[in-house]
Each structure stands twice: as C-alpha cells, then as structure tokens.
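Everything on this sheet refers to the single structure shown next.
The values are calculated or read from the model by the stated rules, or taken from the named source; none is laboratory data. As the structure is a computational prediction, the values presented were derived from the model and not from experiment. Please note: Cβ atoms are built from the backbone with ideal geometry, for glycine as well, and neighbour counts cover all protein chains shown.
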C-alpha cells in the first residue's frame, strides 16, 4: 500500500509499505498532492524493470537502493540494510507490492 501524507501545508510525501506494514520505499517531498500522485504512478510504472534500481553502499557500509524514472530522477529510496541480500529482498518486495498497490491518504 502507498501511504500519501501531508507533510507541511501543501507539501506531500509517500511511502510504500509491504503487507507486514514495513516501509520499503520512501519518496522525496513534493510541492503538491498531484505531484506526489504522479510520483506514485511513476513508481508503479518503473518498479518492475531491474535497470531502474540503483544499488548503493553508504559510507557506514550499509546497503540501500534508489528507484529511478526513465529520465534518471530518483522517485524513491529504500531504508538502510545490513546486508546486500537484505537490499535485494527489498527490491523484490517493491517489484511485488508496488504495481497494484492502493493509495491511502493520511
């Protein structure tokens, strides 16, 4: 499920949650609800294509990924994972959960 949240005034942010409620992808802050909804649509459009995932290692040695749109813009980032296999599981979870996920406004 995508959760669309009003951050501050007219600013919005979304997260993608797995069935167990764990956040698996977080967006940037958008300047409008419409822009955030477009971000959700972009996640759904791009999430099944493995080349859209940028796998990264943080300076602390933990692993994370960014999901990018066709224009190269980051549309969502993961949490930090202790292992590379954990990160790959997170990517699989986005691929499984995002395409048909409903959006809930909070």
Pick from 41, 18: which is in contact (Cβ under 8 Å) with a residue 40 or more places away in the chain and either surrounded by 15 or more Cβ atoms within 10 Å (Cβ to Cβ) or within 12 Å of the chain's Cα centre (by Cα) (or both)?
18
Just the residues that are assigned to a helix (DSSP H, G or I), touching a strand residue (DSSP E or B) at 6+ places or on another chain (Cβ under 8 Å) and free of Cβ contacts under 8 Å to residues at least 24 places away in the same chain, please, taken from segment 44-66.
52
Restricting segment 21-38 to residues that are touching a helix residue (DSSP H, G or I) at 6+ places or on another chain (Cβ under 6 Å) and within 18 Å of residue 64 (Cβ to Cβ), which is surrounded by the most Cβ atoms within 10 Å (Cβ to Cβ)?
25
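Applying the selection to segment 4-15, what residues are farther than 24 Å from residue 55 by Cα and crowded, with 17+ Cβ neighbours inside 10 Å? Reasoning before the result, please.
Here is the first cut: in segment 4-15, the ones farther than 24 Å from residue 55 by Cα are 4-12.
Answer for segment 4-15, where residues must be farther than 24 Å from residue 55 by Cα and crowded, with 17+ Cβ neighbours inside 10 Å: 4, 12.
Quick check, is residue 15 at pLDDT 95 or above and closer than 16 Å to residue 106 by Cα?
yes
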What are the residues in segment 67-104 that are surrounded by fewer than 15 Cβ atoms within 10 Å (Cβ to Cβ) and assigned to a strand (DSSP E or B), if any?
74, 104
